[in-house]
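What follows is one structure encoded as structure tokens, with my remarks underneath.
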Amino acid sequence: VTRLQLETRRRSAASAAEHLANATTPLIRDAWYVVATSEEVTREPRGRDVMETSVVFYRGRDGNPIVLQNRCAHRSFPLAQGTVEDDTLRCRYHGLRYDREGRCVEIPMQSHVPAALRVRAYPVVERPPLVWVWFGEAASDPVQVPHPSWLGAPGWDRYAGYLEIAGSYVHLHENLLDLSHLSFLHATTFGTPEYARAPVEVAVDGSDIQAWRHVTCELPDIYAVPLGSQFISPGLHVNTGHLKNLELATAAIATVRVAQVITPASRERTHYWFVGHRDFALGRPDIDDFMQRAQYAAFAEDQFAIEEIARLERIERACEFSEAHLPSDAPGIAMRRRLKKLADRETVRGAT
Amino acid sequence: VTRLQLETRRRSAASAAEHLANATTPLIRDAWYVVATSEEVTREPRGRDVMETSVVFYRGRDGNPIVLQNRCAHRSFPLAQGTVEDDTLRCRYHGLRYDREGRCVEIPMQSHVPAALRVRAYPVVERPPLVWVWFGEAASDPVQVPHPSWLGAPGWDRYAGYLEIAGSYVHLHENLLDLSHLSFLHATTFGTPEYARAPVEVAVDGSDIQAWRHVTCELPDIYAVPLGSQFISPGLHVNTGHLKNLELATAAIATVRVAQVITPASRERTHYWFVGHRDFALGRPDIDDFMQRAQYAAFAEDQFAIEEIARLERIERACEFSEAHLPSDAPGIAMRRRLKKLADRETVRGAT
Amino acid sequence: VTRLQLETRRRSAASAAEHLANATTPLIRDAWYVVATSEEVTREPRGRDVMETSVVFYRGRDGNPIVLQNRCAHRSFPLAQGTVEDDTLRCRYHGLRYDREGRCVEIPMQSHVPAALRVRAYPVVERPPLVWVWFGEAASDPVQVPHPSWLGAPGWDRYAGYLEIAGSYVHLHENLLDLSHLSFLHATTFGTPEYARAPVEVAVDGSDIQAWRHVTCELPDIYAVPLGSQFISPGLHVNTGHLKNLELATAAIATVRVAQVITPASRERTHYWFVGHRDFALGRPDIDDFMQRAQYAAFAEDQFAIEEIARLERIERACEFSEAHLPSDAPGIAMRRRLKKLADRETVRGAT
């Protein structure tokens, strides 16, 4: 390899990198993100940092979730410290009261309430067990909530978990689309030798980004590792595992589906919920527990990876580092190209 | 409300905001600030971070406080780690010794001491129980020390406290001038229903910024909540409560005065001392304790508010947020306009 | 002193300061630095942050140390989390395997391995008990490893220690070259009154920067304080103490040598190893323990000084501070001028 060739490669790598989202790419606002699970939203207000802002959520009298800007329009006090009165939320600093649309409806010190006095109210759609919120400037469309029909549906038993990751949501998405790390990062959790050998099949078709791995194995246990991995939206990723009996050549005898719910708190911190579903061994809480523990063990390894990557990126901010891509990265690359396009589109629009 | 009207309002709000001090406004140096209470200043040197610098203070042989730059002019070691010898302070790194004017008077390694070798000595005025220091470039004038005659005077019983607040001194000043938050933030400490109903009277006359609330109530207890609130200087705020018997139509039968002493450590951290005085129930340490505990409870709520506001401002650095002002904010707005003018004046002068 | 004279002095001080390295000067890459002691380098990979990057080190099958870039070229995972296989290191994220030259030699997901896929391998020279690494862009020359012949040689008994300092390596070097602080900072550890009185002799000759202090004393103990201090390279400083019996006018009867090993983790953090040698009281582990404890006590004082200086520099980033220099600083000044020249040379070269 000549020096010129190396330089050419380096330049083309740098130029390719420009089209891929990474940990510094601006967040994508025109998308639905989960801010809480249904059971977290009660009549008690609760605050959470999401999408480089802070929101407060509580449940209205009709049972619907309400999500407002957490920062009081008057003197920036967190409304999450306040009290819910009917559908309204009263700030604990000066008693200003906001309705579910974010309009101020009471100022204790005066009788007149300026019409312009309000906090932002976020479009919210609850699809149990998740509460989705729209942070974009564009108009929200509930039809676009990326809620798969099986998620939270009857006929499945579920287990769930949550991790807060000190790293970028882009890296988490890439981790999830990447089936090739199972045998290594998860060697002692769910990366069996059969996995290492199994062929991966990738399908990138417009916005449909999927990877499948066909694993032939003795089922080691009741627990089936997810085999298919699909990027749905910036806020959602889905893993699917179909278990088949190859001797009988029948359809799948059992299925596991995991909603991987991803919400950036900021570019540096990520909320990560997972909600697993299975259609076998129903009604057995011991299996729920087993699967939840197994996933926590494996996902903690992913968390470790993403946080270590963030740490190295921080240390080497000044270093020239050009990431190498492998054919197995195709789904991740497609996803990152997509996120970059979405982010660029918002940047351009924001500038006009 | 049309879109144009909204935009007009937004612009006029932004333009008004330009004239108000906030958490990012440069500190005002031409003012007297407390760096310590009298009892903190002893023959043992002690360091403290104030006004974006670090000072060391100790008491000279004549009993007067000495305040010097904490950073040794030679190799930046903190003089507060050193030892006092007569009126001088010896650095513990190389033994350089400075006198009360900050002049180096001894270098152990050599006989010659360059005349230019010195640390900054700050003008200091002790008005027990407080020690005031001048950080400005302009000449200091002890007459301008904002020490009220009653502060530390005989005839009063006192209690005192200290909090370090991870937030802006501007927000603390505004909090203190604002009587309308008592019934909410302090609902369980000193915000009684009578307070919520009581009218507020505001007086802003040049540099005199005051707010009074006339509360009619059954005295719930020996403890009288301060009713009047006055901005004195960037480093001092005073609360006054006059207790009257309206039936007897006499003058005040008892008075409570609290010196709220405010010294920025930086724009992000604030030293906060309070020194309460009362002219009734004299000689009763149980009442001192009661009042100190009550104030700590309430002021910790203010600390919480100011720190939460700082946290939200930090999270939302990039967000467009335009603060809404209410008529009850008039004293705070007047104070912030004043601070901004003082800061601007120093910036202009610094540039010439 | 007139105002003009003061201004002239201030300007000439500022101009002199430009030629001295300080805590913000870019690190010098063309130099050998210790990344680990010999006993830290085993068949288990281990990571360490050095020179504003992160490296992984392990020992090859031939027993030689291998030092690679810690960040996998593929997805930035720390190789230090991986596993050693023969001379290669396998990443725990996707199983990529690198040889001792940093070339990728296996990608589990594919049969082809691109020739350009590699991590940086650092030139490494082990001189027990230390492992030296070259971080420069210029070609490395093992002959330039600043290993003194006595270091780790037979005929000496040794003790060693390690501190991580939250401050600049420039300040640590200056501290070590400066014998004048012993009587003050180390007053209760090894600064005896005899030290305070002893004359210092300074020799700065091109790259040779030394300071000697001739102390006449009753030996208080078996322990001899190092008397000579020599800057060897950005990564090494040597202290030497010759103990003589002046009555007998013989040559030194005993010698203590301490290798002060200094490796910047970054401009703000410094690795600091010390390896003491003595040629008397051989074979007495109680003396090893005594000397190690004594050095830890004294060096912890230096650590305190350097960290406090870093803290004051941080607080006063915005302040104008012009460091005063004394004749006794000559060795430190010479060293800082040298470091600045080396740093400037690399900056200029990097720009072309």
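The values are calculated or read from the model by the stated rules, or taken from the named source; none is laboratory data. What you see is a predicted model, and the numbers here were worked out from it, not measured in a lab. Note that each Cβ is placed from the backbone with ideal geometry, even for glycine, and that neighbours are counted across all protein chains shown. SASA here: full protein model, heavy atoms, side chains in, ligands and nucleic acids out. Shrake-Rupley method; radii C 1.70, N 1.55, O 1.52, S 1.80 Å.
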Could you list, in sequence order, the residues of the stretch A:272-304 that are of a type outside the set (A, V, I, L, M, F, W, C) and part of a helix (DSSP H, G or I)? A:Pro285, A:Asp286, A:Asp288, A:Asp289, A:Gln292, A:Arg293, A:Gln295, A:Tyr296, A:Glu301, A:Asp302, A:Gln303
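Yes/no per residue for (1) closer than 20 Å to B:Ala265 by Cα; (2) buried (at least 17 other Cβ atoms within 10 Å of the Cβ); (3) not hydroxyl-bearing (Ser, Thr, Tyr):
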| position | (1), (2), (3) |
| --- | --- |
| B:Val56 | yes, yes, yes |
| B:Arg61 | no, no, yes |
| B:Leu79 | yes, yes, yes |
| B:Asp86 | no, no, yes |
| B:His94 | no, yes, yes |
| B:Ser111 | no, no, no |
| B:Val133 | yes, yes, yes |
| B:Val145 | yes, yes, yes |
Quick one: which of B:Arg71, B:Arg92 is closer than 29 Å to B:Ala166 by Cα and within 14 Å of chain C (Cβ to nearest Cβ)? B:Arg71
Restricting attention to strands (runs of 3 or more DSSP E) lying wholly within the stretch C:49-99, give those where 2 or more residues are more than 26 Å from the chain's Cα centre (by Cα). C:83-85, C:88-90
Is it the case that C:Ile315 is of a type outside the set (D, E, K, R) and open to solvent by 20 Å² or more (accessible area, probe 1.4 Å)? yes
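One line per residue, one yes/no per condition, for (1) more than 22 Å from A:Ala254 (Cα to Cα); (2) modelled with pLDDT under 90; (3) in contact with a helix residue (DSSP H, G or I) (Cβ under 9 Å, 6 or more places away or on another chain):
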| residue | (1), (2), (3) |
| --- | --- |
| A:Asp157 | no, no, yes |
| A:Asn175 | yes, no, yes |
| A:Phe184 | yes, yes, yes |
| A:Ile232 | yes, no, no |
Look through A:Ala115, A:Ala138, A:Ala153 and report the one residue that is of a type in the set (A, V, I, L, M), in a loop (DSSP other than H, G, I, E, B) and modelled with pLDDT of 95 or more. A:Ala153
Residue, nearest to the chain's Cα centre (by Cα), within the stretch A:326-349, restricted to residues that are open to solvent by 20 Å² or more (accessible area, probe 1.4 Å) and within 8 Å of chain C (Cβ to nearest Cβ): A:Ser328
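Looking only at residues in the stretch B:1-21 that are outside any helix (DSSP H, G or I) and farther than 29 Å from B:Leu151 by Cα, which one is modelled with the highest pLDDT?
Restricting to residues being outside any helix (DSSP H, G or I) and farther than 29 Å from B:Leu151 by Cα, the top hit is B:Leu20.
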In the stretch B:86-135, residues that are among the hydroxyl-bearing types (Ser, Thr, Tyr) and over 23 Å from B:Ser76 (Cβ atoms) total 1
Name the pairs: first residue in the stretch B:131-158 and closer than 25 Å to B:Thr42 by Cβ, second residue exposed (fewer than 13 other Cβ atoms within 10 Å of the Cβ) and among the aliphatic types (A, V, I, L, M), Cβ to Cβ under 9 Å, at least 6 apart or on different chains? B:Trp156/B:Leu282; B:Asp157/B:Leu282
Step by step: first the residues of the stretch B:100-109, then only those that are at pLDDT 95 or above and part of a loop (DSSP other than H, G, I, E, B), then the one that is most open to solvent (accessible area, probe 1.4 Å). Which residue is that? B:Glu101
List pairs: first residue in the stretch A:103-114 and within 10 Å of chain B (Cβ to nearest Cβ), second residue in a strand (DSSP E or B) and basic (Lys, Arg) anywhere in the structure, Cβ distance under 6 angstrom, at least six positions apart or on different chains. A:Cys104/A:Arg118
Modelled with pLDDT under 85, farther than 30 Å from C:Leu312 by Cα and of a type in the set (A, V, I, L, M, F, W, C): is that true of B:Ala294 in this structure? no
List the pairs whose first member sits in the stretch B:268-291 and is within 22 Å of B:Ser149 (Cβ to Cβ), whose second member is open to solvent by 80 Å² or more (accessible area, probe 1.4 Å), and whose Cβ atoms are under 7 Å apart, counting only residues at least 6 apart or on separate chains? B:Val275/B:Arg158; B:Gly276/B:Arg158; B:His277/B:Arg158
Tally of residues being in contact (Cβ under 8 Å) with a residue 24 or more places away in the chain, part of a helix (DSSP H, G or I) and in contact with a helix residue (DSSP H, G or I) (Cβ under 8 Å, 6 or more places away or on another chain) across the stretch B:305-328: 5
Suppose we filter the stretch C:48-79 for residues that are among the small types (Gly, Ala, Ser), closer than 19 Å to A:Asn22 by Cβ and touching a residue at least 12 places away in the same chain (Cβ under 8 Å); how many remain? 2
Matching residues in the stretch B:274-303 (under 18 Å from the mean Cα position of the chain (by Cα) and either among the β-branched types (Val, Ile, Thr) or within 8 Å of chain A (Cβ to nearest Cβ) (or both)) number 1
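Output the residues belonging to the stretch A:162-182 that are in a strand (DSSP E or B) and either surrounded by 16 or more Cβ atoms within 10 Å (Cβ to Cβ) or among the hydrophobic types (A, V, I, L, M, F, W, C) (or both). Talk me through it step by step, then tell me what you get.
Filtering the stretch A:162-182 down to residues in a strand (DSSP E or B) leaves A:162-165.
Hits for the stretch A:162-182 are A:Leu163, A:Ile165.
Restricting the search to the stretch A:118-131, which residues are outside any strand (DSSP E or B), out of contact with any Ser or Thr (no Cβ under 7 Å at 6 or more places or on another chain) and open to solvent by 40 Å² or more (accessible area, probe 1.4 Å)?
Step one: filter the stretch A:118-131 for residues outside any strand (DSSP E or B), giving A:119-120, A:122-123, A:128-129.
Retained after the next criterion (residues that are out of contact with any Ser or Thr (no Cβ under 7 Å at 6 or more places or on another chain)): A:119-120, A:122.
The one that is outside any strand (DSSP E or B), out of contact with any Ser or Thr (no Cβ under 7 Å at 6 or more places or on another chain) and open to solvent by 40 Å² or more (accessible area, probe 1.4 Å): A:Arg120.
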Residue under question is B:Arg257, and the condition is that it be of a type in the set (D, E, K, R), farther than 20 Å from B:His171 by Cβ and open to solvent by less than 70 Å² (accessible area, probe 1.4 Å); does it hold? yes
